[in-house]
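Q: The structure follows.
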Amino acid sequence: MSRTTHIRRAVCVAAAAALTGFGLVGTAEANASRPVHQAVPHWYMTPNPGNDCELNIRASASPSGKKVGHLSSCSQGAWCWSQKSDCGATVKGASYTCRYADGSGGLRSSEWARVADKNGKLAYVARWCGFAQQL
């Protein structure tokens, strides 16, 4: 480092130290060294109210696949593997039946959405028993 650069740095440090007493530099200098993290909403597959806000997370695209998680609230969801508004392309798997949003009848499908389980591994939820939303 050249002598001029060294002197300039010393002057800047001294000026910053003098201003810190007035509360003008301390916060800005502390924040300059850390990146600013802003909360970014992510897409999650949340349970359908017609299913009493219940949704199973499975290791495979089948109702008989190992259950690796369970959602029991319409305000929580499984992180969509593909961060798109519909949770991305579905996977064809075994058929399942889930109730309509009003709780009547039933919808039969074989479409499964890819999600992450609580350990971040690929898992599946019955696509039409839930819906994708940003949380």
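Q: Give the lysines whose C-alpha is closer than 19 Å to that of Lys84, dropping any in the same chain fewer than 8 places away, or say none.
A: By straight Cα distance, Lys84 reaches Lys92, Lys121.
Q: Here is a further query. Kindly identify the stretch 44-135 as rounded, prolate or oblate by the Cα gyration tensor criterion: order the square roots of the eigenvalues as a ≥ b ≥ c, call it rounded if a/c is under 1.5, otherwise compare a/b with b/c, prolate if a/b is larger, else oblate.
A: Because its axes are fairly even, with a/c under 1.5, the stretch 44-135 counts as rounded.
Q: Let me ask something additional. Can you grab the distance from the C-alpha centre of the stretch 104-128 to the C-alpha centre of the stretch 37-68, Å, no decimals?
A: Spelled out, the Cα-based centre of one part sits 6 Å from the other.
Q: Could you state how much accessible area His70 has, in square angstrom rounded to the nearest 10, with a 1.4 Å probe and all protein chains kept in place?
A: Here the residue's solvent-accessible area equals roughly 90 Å².
Q: Explain nothing, just compute: Karplus ³J(HN,Hα) = 6.51 cos²θ - 1.76 cosθ + 1.60, θ = phi - 60°, for every residue of the stretch 109-121 in order, whole Hz, x for Gly and Pro.
A: Per residue, the Karplus-derived 3J(HN,Hα) values read 8, 10, 8, 10, 8, 7, 9, 9, 7, 5, 9, x, 8 Hz.
Q: Let me ask another. Could you give the nm distance between label points at Arg108 and Ser64, where each point is 7 Å from its Cα heading toward the beta carbon?
A: 1.7 nm
Q: Still on this structure: Could you size up the charge dipole of the stretch 67-120 around its Cα centre, putting +1 on the beta carbon of Lys and Arg and -1 on that of Asp and Glu, and report it in debye to the nearest 20?
A: In debye, rounded to 20, the stretch 67-120 gives about 140.
Q: Multiplying the sequence separation of Ser73 and Ala94 by 0.36 nm and subtracting their Cα-Cα distance, what value in nm do you get?
A: Taking 0.36 nm per residue and subtracting the Cα distance, the gain is 5.1 nm.
The values are calculated or read from the model by the stated rules, or taken from the named source; none is laboratory data. Here the structure is a predicted model, which means the values were calculated and not measured. Here the Cβ is made from the backbone with ideal geometry for all residues, glycine too, and neighbour counts use every protein chain on show. All accessible areas refer to the heavy atoms of the entire protein, side chains included, with ligands and DNA or RNA removed. Shrake-Rupley method; radii C 1.70, N 1.55, O 1.52, S 1.80 Å.
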